[in-house]
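Each value in this text was obtained by applying a stated rule to the coordinates, not by laboratory testing. What you see is a predicted model; the values in this text were computed from it and never measured. Don't worry about glycine lacking a Cβ; one is built from the backbone with ideal geometry, like all the others, and counts go over all protein chains shown.
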Amino acid sequence: MQDLGKIHQIIIDLGFYKMTFNVEVIVMTWIIILGLLFFGYICASKNKKTPHLFQVLGELIVTKLYELTEDAMGKKLARKYSPLIVALFMFLLMCNWIGMIPHMGEPTKDLNTPLSLGLMGFAISHYVGIKTKGFKAYIKEYFEPMFFMMPLNLIGELAKIVSISFRLFGNIMGGSIIIMVVSYLTYSIILPPFLNAFFGIFVGAIQAFVFTMLTIVYISSQAK
Amino acid sequence: MELDVQTWLKIAAFSGGGLAIGFGAIGAAIGEGHTAAKANHAISRNPEMAGDVFKSMLVGQAVAESAAIFSLVIALILLFSEFSATSFIMVWAVFSAGLCTGLGAIGSGIGAGYPAGAACEGMVRQPEMSNRLTTNMLIGSAVCQTPSVFALVVSFILIYTDYSTKPMWPMWAAVLGAGLSAGLSAIGAGIGSGLVAQSSCEGISRQPKATAIATNSMLLGQAITQTTAIYGLLISFILLFKNYPASDAIAPAMALLGAGLCMGIGGIGPGIGEGITAQSAVTWIVRNRESAGEITRTMLVGMAVSESTGIYSMVIALILLFVV
């Protein structure tokens, strides 16, 4: 109970700046990355006409998410950005699910992970916007409908980063705090597996999907 | 009569616990009543489905009740925990925690009742879609709980933070403001996302072929509807984790309280408004799948405009926090 909100950190003092590393998050993220690479290797190797189990699973994930991307972005952009979307979804899904294994923590519980992924989506969507519309038309959009609306349009854009990253962070951190507090109060009898199933599997999958959907929508709304 | 800190803490914990479950009971009761009403309607149309409708009514009501159960948990913690008062701020924190979960549970409770009702009616209209409808209803009502989960998280942080190093003035106002911000802003978001889920369940029962797109657009609409609740959570976090200089002046404390109130109340309207937008958008996306892209874009722009008042509230709250 006492470790509510405590984070294991290594702080390296460079003299002019203190670098802070959240050890658990970094370790967990690497475990997930290696796991996904391994999963990708099994899915893509030894492919045959009659697919094996992992080939089916991999093809299912890729085609479903590709269809979703194509619906929103159109064929040209979807071919370019669907690998990003598939990778983002699988990474987030594993991030949200890894907390169910004892002694493992979700990397998405730390605001740094969702915030950097949100910033990534933001940067990509604006790159797409500038590339498809041209710089002039892109800037002009901020002065719509009236020129004095510019600051509010700007804040509205920046608020997107806040909302997308805090949505994921709040849900996952909320789930893990609830599991921790309720397990503590009930001495870990009966309830924890159900809480894990709900907040881990169910909410984790929904929030991973919502984050991916919103990234798709942000990119496609800039392209139009 | 002079009261010591421990006595004040007991007073705050009891009144906070009472407010938590008192407010928390409002939403879930309304939502569950709505579900039961729709279930009655459904059974009268097709009495042969009575068993299935009854089951799905109970499942839906159980999900709608989870917000009230969150309040109950907080109320029980407040009533039975032994708080050691390291600082007088704890008195305000305990009271604010109760207020926060209580207010936060209102919206989610009402909201989660809508999809459950629509699922009961839909089941009667399209008996083959029963399973898909139940799944969609569960996803929709689970996402409706998000704002109340945010409020619950803020309450836990309020209760279990160590305030011994913080200055009494103006921290007491920050603590109260944090609870109000997360609690009040959750009301609109909860109701709004319930409306979205309702139209999605209706859509599936009317157009079984549009199941996938109904679920996807529901999740998108709900996610954006809850944006103002996320702003409320953000303001609460800033209020709680910012370091304030100690001062006896009354103005800084009121600015912090004002920031919380401003974000909390300002978040109610946009939540409901965006919910109405997305509700209608989901309905028409399901009926006219060819124009789904166009409708989604209009929905997103409309929601952004409706949300702008929530963004104004956030800007004012941030100004109160950092400038004034």
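Descriptive notes on the structure:
- As a rough guide to protection, the peptides B:281-292, B:88-99 ranked by mean Cβ packing within 10 Å, highest first, stand as B:88-99, B:281-292.
- Relative contact order for the stretch A:25-223, counting Cα pairs under 8 Å that sit 6 or more residues apart, in percent: 29 percent
- The dipole here belongs to the protein assembly as shown: it is taken about the Cα centre, uses +1 on the Cβ of Lys and Arg and -1 on the Cβ of Asp and Glu, and is about 1780 debye.
- For the stretch A:25-223: rounded, prolate or oblate by the Cα gyration tensor [a/c cutoff 1.5]: oblate
- One equal scatterer on each Cα of the stretch B:144-239, no solvent, Debye formula: the resulting log10 I(q)/I(0) at q = 0.17, 0.19, 0.25 Å⁻¹ is -0.73, -0.83, -1.14.
- Dipole-positive endmost among A:Met146, A:Met100, A:Ala72 within chain A (Cβ charges, Cα centre): A:Ala72
- Summary of packing: across the peptides B:62-74, A:68-80, the per-residue average of other C-beta atoms within 10 Å ranks them, highest first, as B:62-74, A:68-80.
- Once the C-beta distance of B:Leu76 and B:Val301 is scaled by a Förster radius of 45 Å, the resulting FRET efficiency is 0.50 to the nearest 0.05.
- Dividing the Cα radius of gyration of the stretch A:90-146 by its Kirkwood radius returns 1.27 for Rg/Rh.
- In terms of other Cβ atoms within 10 Å, B:Tyr312, A:Tyr127, A:Tyr187, B:Tyr231 run from fewest to most in the order A:Tyr187, A:Tyr127, B:Tyr312, B:Tyr231.
- Report summary: the helix-based calculation at 222 nm, which adds -39500 (n - 2.57) for every DSSP H run with n ≥ 4 and divides by the residues of the protein assembly as shown, gives -27500 deg cm²/dmol.
- On Cα atoms only, tilt of B:227-241 relative to the major axis of chain B in degrees: 20 degrees
- As a rough guide to protection, the peptides A:10-16, B:267-273 ranked by mean Cβ packing within 10 Å, highest first, stand as B:267-273, A:10-16.
- Order of A:Leu111, B:Leu239 - criterion: other Cβ atoms within 10 Å of each residue's Cβ, fewest first: A:Leu111, B:Leu239
- Neighbouring partner chain Cβ atoms per residue of A:200-211, average, 10 Å criterion: 3
- Note on A:His126, A:His103: ascending count of other Cβ atoms within 10 Å places them as A:His103, A:His126, the fewest first.
- Pair B:Ile250, A:His103: separation of 7 Å Cα→Cβ label points (nm): 5.7 nm
- Cα gyration tensor shape for the protein assembly as shown, rounded if a/c is under 1.5, else prolate or oblate: rounded
- Spin-label model, A:Ile12/A:Glu141: points 7 Å from Cα along the beta carbon direction are separated by 3.9 nm.
- Estimated Rh, chain B: Kirkwood, alpha-carbon pairs, angstrom: 20.1 Å
- Helix runs (DSSP H) in chain A reaching 27 Å along axis by Cα, Kyte-Doolittle at least 1.6: A:23-44
- Legend: mean number of C-beta atoms from other chains within 10 angstrom of residue C-beta atoms, peptide B:113-121, equals 0.
- The stretch A:107-171-the stretch A:86-102 distance, computed between alpha-carbon centres (Å): 24 Å
- Counting Cβ atoms of other protein chains within 10 Å of each residue's Cβ and taking the mean over peptide A:162-174 gives 6.
- Scaled against the 2.2 N^0.38 Å expected of a compact globular protein of N residues, the Cα radius of gyration of the stretch A:1-132 reads 1.31.
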